Structures are given as C-alpha cells and as structure tokens.
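Quick notes on the structure that follows.
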Amino acid sequence: MIRVVFATSLAVALSGCLETLVQVRDAVLNPDPEVEMTVPRVNRKAIEDADLAAVLMLSPTIGIGTVGIAVQMRDGRIIYNSNENRSVTLEGGLIYSTLGLGTNLQAVTSQNNDPLITEARAGQWPAKVTRTYHFSGRGTAFDKIVTTCTNQTSTRADVEIASATRDVVAVVETCQADAGIGFNNIHYLDAGTGRLWRSIQWTGPVQGNIQIDVIEQFDPDA
Amino acid sequence: MIPKTRAFFCALLLSSSLSSGVIAEGVGGLSQAIDTPRSADSPADELSIALDYREDYRALAFTFQPSDRFEIGISFPTYDDGSGSSSGNELSFGLRLLDESRYGPGLSVGIVGFGSDDRGSGEYVLASKTIGAVQASIGLGWGRYAQNGTDARGDDDGVVRTDHLFSGDTESFANIVWNTGVSGLVAAAEYSGRAGPEADETLAASLSYRILDGFSISGLVNNQGSAGIRLQFDANPARPFVQPHITRGPYPYIENRPSAANRPQPDAQQVLTVLQERLEKENIQINRFAMTGNAIDMTVYSRTDAVYARVIGRVARVLSAVAPANITTFRITQNTGAFDSNVIVLDRAGLDNAVGRVDAAALAWDSTSFEASPMTRATGLIEPAFKPRLTYGLSPVFKADFITSDTLEFTGTLNANARYSFSPQTFVSGTVGYRFLNQWTQTAPPAEPQPRSDFTAYEPDKAYLESLSVRHRFRLAPELYSRVSAGLFERAYGGISGEVLWRDPEQNFALGLEATYVQKRAYDDWFGFEDADATTLIGSIYANIGQNGNFVIVDAGQHLAGDFAVGLTVGRNYSNGWRIAASTGWSEDRNSALKFGAELAIPLSWTSVEGGNSATELSVGGQSGDFGSRISGTGLLYDELRRSDKRRIEDGFGEFWN
C-alpha cells in the first residue's frame, strides 16, 4: 500500500516538472512576455474640468497602460502618479524616472541644455545629446549606462492624443551606448512651441521603451 | 510543499533517463567547446549547471563566474571502466589573462581538478578570437588534454597536490564554436592531439539546441567511437528582473516640509490604521507598532519580497505620508521568526534629502544605521500574536548521491514533514522518508559503527524515520543568540545539541559555537540506538567580505570521528535571495585530497508566479567521509540569521526606492 502512495506522489511530482520548466522559463529567465497592451479610456473632459495635468503612460513590456496625474513637483521635475501608484517623473519632456512599469528607472542625467528637457523646437536641437541612465544594481550605487543620441527631424503631421488633435513635428533620436545597446526615441513636439505631446523613450535594457502621451500639460501658474 | 522543491531537480531527474554511447572525457566545469576548453565569454555572475551523460561516463558540473574574466567550476565525474567504477571531485579555475583586442587574440589559462593528480585533472593555456558569432580557440594542454585518462599523472600524496601542474606530456588542441543565431542552435567542432582507443588524434563535433531560454541540450560525437548528451541550465542572478505580474507601484514619498507641522496631526491609532491599509496592498504585514516620542517603531514582514531593503523602503514611503511632523526616526525591526534580528533605523530628514536624487540609494543608506533589538520593549499598539499550530506537507527531493552510489545515480526521496510550533521560538518536528528512486543495496553492519561510511548498512526499501526532534531558540543578551535541540537529528544520529552565536548587527561577522552529544542510531529500526556515541565541539566564523554579498564561513573543532577538522565555505549571496557556495574541508586524520561540495539556492520568487521569500535548494557533494563530518539537522542559528546581515541589506539597497 505504501508503495502505491509513494508512486502516486512521485507521479504527481513528475507531472509538475513540465509545468515547472515553463514557470522557470517565464519567471526565472524573463523571456519577452507575450503581453497584451490594455489602453485605458481617457475622460478628457473630466481631466480638464478638474484642471489636472495628466499623462497617459504605456509600458509594452508588462502590457500596462494607465493615466497619471501630476501629484508632486520636486527639483523642477513633475511626478505623475496613477491610482495603482505607477509613476513617471518628467523633466521637461525627458522621462527622468519610472516606478511600477517594469524594472524601474532610477534617474537620467543629461548634458546642459538637453533639448528634451528645455523643450526646444524641432530644428533647434544640437546634433548630439549625451544622457546617463541610472538603474538599481547591487549595493547602494546605481548602475549607469551612458548613451549618445543623434537626431533627425521628420515632417509636420497631426496626431490624436486622448481625443484631441495636435499639430506636431516628429524628432527621431538614434542612440548608442557603450555596452552595445542601441535604441530609438521618437518625440512628437508641438509645431509651434516645441513642447512635448507624445514621446516613446527608452527607459532601460529590460523595461525598453515607454510611451508618454501628454493629455493636459502642466502649467506652473495654474 | 511539492511546488517549492521540485524546480531544478526535475530537469536533472529527467536527464537521467537519456541514452548514450561509449567512453570519453567530458565536462570539467569550465567553459569548453566539446571536450576542449575555450575562453569564458559570459557576463559576471553567470552560473550554469551541466549534466554530461555517456554510457561509461557521467558528470555533474557547476560553473560560476565571479567576474567576467574568472570562472570557477566544481564537477563530479564518474567513470566506468567495465571492471569497476571510480568517481572524481574536481575544483577548477579558468582565468582570462588578456582580453581580445581588435586584431589580437585573448589569452586564457585554466586548471581542472586543482589539488589533485587524479584522473580528469588537467591544465591548459589558450588563445581565442571572436569574429562575429564565431569564437575560435587554439591551445596547449596537459593531463586530461594530453594523455589517456586512465593513466596516473603523479604520486604526490599530499592533501593538496601541485607537483603535476603544467608538467608531463602536452598536446595541442583547437576548437571553433558558432552561434548560428537560428533557433538557439550552436555548432562546435574541435581537434585534439590526444590519442584515443580508435585514433591517434581526436576530432569531435556537437550541436546544441536551446529547449527553453536558459535550458539547452547538446548532442556530441567524436572519432573515438564516443557519443553523448549534455543538458545545461544557465542563469544570471544579477539579471534585472521584470515582474510581469506586478499589480501596483510603491506609494509616493512625501517630504516632511515645515508647513506640515501646522496641519492637524494624526494620533498613533490613526497612523496605524492607514499603515495597515496601505501596507496590506504591498503584502507587508505589521507585527508590532509603537509611536513614542519622535520615533515610530515597527516590526514588518513580507511573505512575497525577499529583498528586505525594498520592504523597508516601501514602509518608509507610507510612513512619510502618514507620520506626524514631529516624527524624525523610523525604526524598522527585522524578524526571522524566532528572533528580532535587527533594528534598522532610518533618519527621516536624510530620506527627505535622498528621494528623487540621482544617488538616492546611496543617500538613503547614509541615513540608515543598525542596532541590536532590545531584550524588552514598551508595549506597542499591536504586539506579535502567535497561536500554536501544526504544519505539514510532502516534499520530494532529488539529488545526485555519492554516499550510496559511486556512479552518480540520481536518487529520489519523498519526505513527509510535520511540525508543531508551541511558540515562535520552540517547535517539535519530524520527517518520515522513503527513497523511491535508486535504492541502495543493504550491506552488513560493521563490527564497529562508523561515523558516515556505514550508511549503506541502514535498511533500505521501506519508510524510515529521518528525524524527530525538538528545538528551542532564545536570546541570552541583545547580541547573543542561543539554541538547544534534542532528539533524532538525522538518519544516523540522535542526541542533544546546544549553540551560542554572537552577532552585532553593525558588524560584518558573527561567531558561533556548537556542542553536540549524539548516539549512533540503529540500522534496522526507527527509535533504537547502536552502542556508539560521539561528541562534537565546533566553532564557526561567519564573515561577509568585500562587496557583492561575498561570504566566508570557517568551521573548526572536534568532529564526529573525534578528529580535529576545518571546514571552509565560500560563496556569494544575492539580495534577491539567490545564493551560491562552494565548500571544502581538511581533517587531521584524512590524508586524501580535499573534497569539494557546491550548493545553490534559488528564490521562489524566481521559480513560482506566486513568489515568496524562501528558496529552492540544490546541493552536491560536501561531507560524505568519516572525517571532517558533523551532525546535520540540529538547526544552526546562522542559517536563520544570515538574511539579516548588514551587508546583505546593503547589497539590496539599490532597491530601496523600488
């Protein structure tokens, strides 16, 4: 009898092996998850009526789309937070940090007059921009990846962001890092002012690109 | 318990049923093309477990790269020559001396089977060059890379043998490895001047296929009539970890601005209510809460997050928003179950200054200090509550057995465990086991019971009482931890054991002393004893050294055979719960080469979508002889306390704000 019990238990254990292998693949080794992006509906009128600065945050890595409201200003940077505490911190149009959207980006430091931070108009961008990305690593010092980006201005076009049509110029940045990492950023700048309306920015080697749609711009005087 | 223990053993178990060809030498634990070495080319912290399976040869090998140019291998080969079998135990090192330049090759050197001139030991120097997806190597080898594996290399009888290194016959070798980029296929071919049974030179080819990310299988064949299969698992504990099931981010940190003092301040109960509500969403449990003077004192615990630095960071975020303005210090107590092991003191003003900065984690660490938990405290709003409880479960254990088998057979044991906890400090537990896979053949008990080598005299093929013991842990002083245990500790021994451990949370080392008196358990029944006893007295130093979670454990004292022996364990802890270690030992009564063991712990948060902060553990080798052996199952205190080491908290502090 006891052999039957043990044999049954063994069979149960073995039947879990394949499932476990798949779990290991999915959880330990982090393949690109096959996730579906869920984009929330944005109630523009409610945001405008409440006079809130807001952005739509999309993280394809984990298939999350959520709306963040400006909740804090720290050192000139605006922190947008969602109901589930996912957040991005924007310095001008540069994604300075992220939380709850994958692996997290701790900070980005940049050269003086980074046109993404100053929100310079397309055509006024310097030929090269150097930025340093800071990520959690071992110990108390963040790991760094230094990137250099060149840019190219595209033609003027209309884009629809949360039911509003914006007149924009696209700037495509082609970036290279020391570690052989290469990526593109795409920024859609207001054709008149240079302020950012939509941006798809790299935020790390695992988290990849995150898209920010500015639903309602932050107005420091509001 | 089944899902918690099966993960990596499953792959090893499944691999044991593969068929193969005839004799060849194989894995030495270092990077290699097929049977010849090549330069390590993986990033730092990469580790792999490989099983080589051929009809007359099997090997299990661990490889670990502490840095991108240095690799360590521990392998356990067994050879079957037809007339009998033999097994090895190899510690190997590979070092890339020179990196490849644009036109120049890299230069590497390696020693396989350090300290031994047994079969399988060998040395090499090689030059390698990578062009695109192809790595080519050419080199010169000694020992296993030059001569027939059955020939002895030397007659040095020392415990650590060195006379044979880089001496004797040499043969050249060359290999090429091509990562095709197609479906994880990697092709390799190699030449070796080493003669074999069917040709004066050896040519070999292999093809590897990635079954899943991290798991690959290789088929290999050579012109000496040998063929085989190799199964390999690769992982990197330092790799960033996306949490695909993440449901929320951390709460925003709110600085304690002067204007906050002008607002109505919450009382302790209001603070606690908000804390409980918010931390529950983070899967963080509050076991104790007190708000006195300018400090909030909490004991917190997460069942899902193994990185305690991140846990206290999330607590600090919530506290920043709800704590009254006069609170300047957050005191977070870490509890291991039996002990309050640390009080981690966070300076609120320091955190205010750190948040959002480009060096936010370093600044937060500068605002952190450690204290021993006091023996008594003022009563808080809530205090730890404990109800006596019974827990139980089944856990299958698969492992490569070197004690009852000399051909690296995989054994499977099903354990039925039960534990009744009277308090967080005291419990009685027992395990009944049954080995369902590869039983050993019972031998006649020796005239005199032996410490370990008579294990096969125990009756196989039926359920047995592995252990039944009671354990009580307590503190003698804030920095002095203690334990007493009694009962049947393991299959072969029962008795009483006591331990004292000194540990200052601010220090990076601890000192322990364990005294144990045991009687040899009966070979044929659950509760009887043989007429043999032993006393062990072993002192231990546990030290965290350098950066990156590196640690050293030195054990010294009187062991089971009455011999004075020293054990050495070196390894690396990762803040996310991974742990890799290698061990060896020396005994005054043992004149054979050192034996090496390896252990690997992989956190459940990486092997199960449910997460958790316990780990799947895999160990190979270690104590198996009569000398340098100690009692297991007594419950060494440091195993419970090491997660609280300051250096481990520091190692995870990059996650403080995550």
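FYI, it's all coordinate maths here, none of it is from the lab. Treat the numbers as computed from the prediction; the structure is a model and nothing was measured. Neighbour counts run over all protein chains shown; Cβ positions are idealised from the backbone, glycine included.
Using a simple spin-label model with pseudo-atoms 7 Å out from Cα toward Cβ, B:ASP267 and B:LEU465 lie 5.6 nm apart. Ignoring solvent entirely, what values of log10 I(q)/I(0) come out of the Debye formula for segment B:230-351 at 0.12, 0.14 Å⁻¹ when each Cα is a single scatterer? Per q value, in the given order, log10 I(q)/I(0) is -0.49, -0.64. Helix B:268-281 versus the longest principal axis of chain B: what angle, 0 to 90°, nearest 10, using Cα atoms? Tilt of helix B:268-281: around 30 degrees.
Diffusion coefficient of segment B:446-593 by Stokes-Einstein, Kirkwood radius over Cα pairs, 25 °C, 0.890 mPa s: 140 µm²/s. Label-to-label distance, B:ALA189 versus A:ARG41, with points set 7 angstrom from Cα along the beta-carbon direction: 6.3 nm. Across segment B:625-642, rounded Karplus estimates of 3J(HN,Hα) from the backbone phi angles (6.51 cos²θ - 1.76 cosθ + 1.60, θ = phi - 60°) give x, 6, 9, x, 10, 10, 6, 9, x, 7, x, 4, 5, 5, 4, 8, 9, 5 Hz, Gly and Pro being marked x. Subtracting the Cα-Cα distance of B:VAL397 and B:ASN283 from 0.36 nm times their residue separation leaves 38.1 nm of extension gain. Label zone (A:THR130, point 7 Å along Cα-to-C-beta; backbone nitrogen cut-off 20 Å) within segment A:151-177: A:151-152, A:173-177.
To test your reading of the geometry: what angle, between 0 and 90 degrees and rounded to tens, separates the Cα axis of helix B:308-322 from the longest principal axis of chain B? The answer is roughly 20 degrees. Full extension of the chain between B:LEU203 and B:ASP639 gives 152.2 nm of extra length, using 0.36 nm per residue less the Cα-Cα distance. The ellipsoid equivalent to the alpha-carbon distribution of segment A:70-139 has semi-axes of 23, 16, 10 angstrom, derived from the gyration tensor eigenvalues as √(5λ) and listed largest first.
Evaluated over the Cα positions of segment B:468-555, the convex hull gives a direction-averaged projected area, one quarter of its surface, of 7.0 nm². Label positions at A:GLU84 and B:ALA133, each projected 7 Å from the Cα along the C-beta direction, are separated by 3.7 nm.
For segment B:548-590, compute Rh as the Kirkwood radius over C-alpha pairs and then the Stokes-Einstein diffusion coefficient at 10 °C and 1.306 mPa s; write the answer in µm²/s, rounded to an integer. Taking Rh from Cα pairs, D becomes 138 µm²/s. All distinct Cα pairs of segment A:88-222 go into the 1/r average, and the inverse of that average, the Kirkwood radius, is 15.3 Å. Pair-distance distribution of segment B:300-371: all C-alpha pairs, bin width 10 Å, starting at 0; shares per bin in whole percent are 19, 53, 26, 3. Note on B:GLU448/B:LEU480: beta-carbon distance plugged into 1/(1 + (r/R0)^6) with R0 of 22 Å gives a FRET efficiency of 0.05.
Equivalent ellipsoid of segment B:330-464: semi-axes from √(5λ) of the C-alpha gyration tensor, largest first, are 49, 22, 15 Å. In this structure, B:ILE176 and A:VAL206 have a Cβ-Cβ separation that, at R0 = 30 Å, corresponds to a calculated FRET efficiency of about 0.40.
Computed on the Cα atoms alone, the convex hull of segment B:159-203 gives a volume of 156 cubic angstrom per residue. Shape summary: segment A:120-200 maps onto an equivalent ellipsoid whose semi-axes, from the alpha-carbon gyration tensor, are 29, 15, 10 Å in decreasing order. Note on B:LYS520, B:LYS399: ascending count of other Cβ atoms within 10 Å places them as B:LYS399, B:LYS520, the fewest first.
Principal axis extents of the C-alpha atoms in chain B (largest first, rounded to whole Å): 90, 70, 39. Given in Å, the Rg to one decimal and the Dmax to the nearest whole number for the Cα atoms of segment A:165-215 are 12.4, 39. Sorted largest first, the principal axis extents computed over the alpha-carbon atoms of segment B:182-297 equal 89, 29, 26 Å. A:ARG131 sits among other residues whose Cβ lies under 13 Å from its own Cβ, and their net charge, with Lys and Arg +1 and Asp and Glu -1, is -2. On the principal axes of its alpha carbon atoms, segment B:408-466 extends 42, 28, 20 Å, with the longest extent given first.
Among B:ILE649, B:ILE286, B:ILE211, the ranking by other beta carbons within 10 Å of each residue's beta carbon, starting with the fewest, stands as B:ILE211, B:ILE286, B:ILE649.
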